[in-house]
1. Multiply the residue separation of L136 and L109 by 0.36 nm, subtract the distance between their alpha-carbon atoms, and state the gained length in nm to one decimal.
2. In deg cm²/dmol, rounded to 500, what helix-only [θ] at 222 nm does the chain give when every DSSP H run of at least 4 residues adds -39500 (n - 2.57) and the total is split over its residues?
3. Rounding to the nearest 10 and keeping the result within 0 to 90°, find how far the Cα-based axis of helix 162-178 lies from the longest principal axis of the chain.
4. Taking 25 Å as R0, compute the FRET efficiency from the Cβ-Cβ separation of I200 and V94 and round it to 0.05.
5. Full extension from L186 to M1: what is 0.36 nm times the residue separation minus their Cα-Cα distance, to one decimal in nm?
6. Specify the angular offset, from 0 to 90 degrees and rounded to the nearest 10, of the alpha carbon long axis of helix 55-76 from the longest principal axis of the alpha carbons in the chain.
7. Using only alpha carbons, build the gyration tensor for the stretch 2-237 and give me the equivalent ellipsoid semi-axes, biggest first, whole Å.
8. For the chain, build the charge dipole from Cβ charges (+1 Lys, Arg; -1 Asp, Glu) around the Cα centre, then report which of V90, F106, S28 sits farthest towards its positive end.
Amino acid sequence: MVILWRILVNSGKHAISIKDAISIFYLSALGRYIPGKVWQLVGLAYLSEGAGIESEVAITASLLSQSLSVVSGIVITAGILTMYMPLYVVIILVLITLFFLYPPVFNKLLNWVSMKVRKTPMELNISLFRIVALFLGYLLAWFFYGFSFYVLFKALGIDITLYKAIEFFSSSYLLGLLAVFVPGGLGVREGILTILLKKIGVVSSIASFIALLERINITVTEIVLGLFGLVVFLLKRKP
């Protein structure tokens, strides 16, 4: 996710190192645990300016990143919908989602999001090739997230396919992300994950334990990387 965000940022006038990208991305990401989730963008703008990146570029890259993450997340979790609706309906929904990648539509979507978040329009011209390339990158990012979840299952001695692990993690994380007024998707992600795990026969208590363990895993990772970002930020402020 950081690499993809850095690619978007570096398409502007100035470029940042991977160290600064990790620092800015994860230190600002701690803002998602504050109600409203706008604090992540506020932190992103402030930290980016400190690294020589225009706040406009950083926020635009972040909104673009979030949009691609959501669209790719919907596509990669489409299999779960077949549990609740006919296959042809799911296929139609996936095609509609992919339609949002069409540049004129995608740019209008980003502009709408920008107006909601920043109250200012976003001017962005991005080619279909670049959108598709980034979209594939975000699909890969979801795969790595799901693979990490799969490894957790194996460590606990619980049998699950890699595809299901990717699907379950992505859908629960995505719904937690879309729950705007819930800090960090707390409770939403765990609840969805527990329900899905019970669908494949995991005992309720074990399913809840796995959901909680995954939350701890991600939170600790984000805090560690956030502290790394804080250290880098403080060192840069030293004379």
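Any read-out appearing in this document is the output of simple, stated calculations on the displayed coordinates, not a laboratory observation. Remember, it's a predicted structure, so these values are computed and weren't measured experimentally. Positions of Cβ are generated from backbone atoms using ideal geometry, with glycine treated the same way; all protein chains shown enter the neighbour counts.
1. On the way: separation 27, 0.36 × 27 = 9.72 nm, distance 1.90 nm.
Residue separation times 0.36 nm, minus the Cα-Cα distance, leaves 7.8 nm.
2. Details: 11 runs with 179 residues, N = 239.
Taking each H run of at least 4 residues, the total per residue is -25000 deg cm²/dmol.
3. Here the helix axis deviates by roughly 50 degrees.
4. Working: r = 22 Å, r/R0 = 0.88.
Efficiency at R0 = 25 Å is approximately 0.70.
5. Values: separation 185, 0.36 × 185 = 66.60 nm, distance 2.07 nm.
Here the answer is 64.5 nm.
6. 20 degrees
7. On the way: eigenvalues 182, 107, 45 Å².
Gyration-tensor ellipsoid for the stretch 2-237: 30, 23, 15 Å.
8. It is S28.
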